[in-house]
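Single-structure report; data block below.
The values are calculated or read from the model by the stated rules, or taken from the named source; none is laboratory data. Keep in mind it's a predicted model, so treat the numbers as computed, not measured. Glycine gets a Cβ as well: all are built from the backbone with ideal geometry, and neighbour counts include every protein chain shown.
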Amino acid sequence: MNYQPYNITRVVGTLRSSVQVEFAADEEIAHVALGNSVAWEVAPAGNILFLKPRESQPVTNISVVTTRRDGSTRSYQMELTARDGSVEAGQNTYFYVKYRYPGDDAELRRQQAASRALAAQAKDADNVLALHEAYGPRNWRYSSQGSQALEPQSVYDNGKITTFAFVGNQEMPAIYMENSDGSESLVPKSVDGDLVMVHAISRKFILRRGKDVLCVFNEAYDRVGINPDTNTTSPSVERVVKRDVTGR
């Protein structure tokens, strides 16, 4: 049964049997108004309404109001007919009535499509950022002093991230950044194969492993770094705040 706010649903109940009426899963019955409470018995339970005819009397009606999770309400109107006779299925006997909601289904499909589109856009943006990190402008002007055992194969930055490349068998050291007061602090980093991406730029990095120490100097250090004015590391990708797919 497709739900229409102004339609009246006909329900035929048979004496000595009950009828189960099921509403949407996100609805809960809030109010029930029965035209003839002598001839019919009602029992609401969540989104399900049980109807049972007690006596064979003239046609009456029932009004049901449900509350949805978002706070909105729905109203249902039913015409109730009680009959006496066989309770066998197929003998004009109602046992179960379930409402369908084509509008809700269409809205759900729209939201799912919008979610997939947003996910695809996010993936495309991630791919662009990855390309910018891999092939964008780089500063290669780095020098080092200290233990050669810790020396990376190469060091470069893109104004936001400093990348240390190590040879395959080389054990990666701990990487510290020198602060303005001369102290050292660990910095957030991520590892991709032989590459260690430090999420910072610095005039001086200190690499440590056991007693070995290597200082790495950024000869083209710019304390401001590169600002593409897009809230990302790429001038091709702009970060914006969007509403969710439901419009909130």
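In segment 1-29, what count of residues is obtained for those that are among the polar types (S, T, N, Q) and either closer than 16 Å to Gln77 by Cβ or outside the structural domain of Thr67 (by TED's automatic domain parsing) (or both)? The number of residues fulfilling the criteria is 4. Against the numbered list (1) over 31 Å from the mean Cα position of the chain (by Cα); (2) surrounded by 14 or more Cβ atoms within 10 Å (Cβ to Cβ); (3) basic (Lys, Arg), Arg74 comes up short only at (1).
Yes/no per residue for (1) farther than 17 Å from Pro137 by Cα; (2) free of Cβ contacts under 8 Å to residues at least 60 places away in the same chain; (3) in contact with a helix residue (DSSP H, G or I) (Cβ under 9 Å, 6 or more places away or on another chain):
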position: Phe164; (1), (2), (3): no, yes, no
position: Val187; (1), (2), (3): yes, yes, no
position: Gly210; (1), (2), (3): yes, yes, no
position: Val213; (1), (2), (3): yes, no, yes
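For Arg138, the conditions (1) modelled with pLDDT of 90 or more; (2) surrounded by 11 or more Cβ atoms within 10 Å (Cβ to Cβ) all hold with the exception of (1). Return yes or no: is Gln77 in contact with a Leu (Cβ under 8 Å, 6 or more places away or on another chain) and in contact (Cβ under 8 Å) with a residue 60 or more places away in the chain? No. Once segment 154-184 is narrowed to residues that are of a type in the set (Ser, Thr, Tyr) and assigned to a loop (DSSP other than H, G, I, E, B), the residue that is modelled with the highest pLDDT is Ser183.
Within segment 1-11, the set of residues being assigned to a strand (DSSP E or B) and surrounded by 15 or more Cβ atoms within 10 Å (Cβ to Cβ) comprises Thr9, Val11. Here segment 16-62 is the region considered, the condition is being within 33 Å of the chain's Cα centre (by Cα) and assigned to a loop (DSSP other than H, G, I, E, B), and the residue that is surrounded by the fewest Cβ atoms within 10 Å (Cβ to Cβ) is Ala25. Each residue in segment 185-202 was checked for being surrounded by 15 or more Cβ atoms within 10 Å (Cβ to Cβ) and either in a strand (DSSP E or B) or in contact with an Asp or Glu (Cβ under 8 Å, 6 or more places away or on another chain) (or both), and 7 pass.
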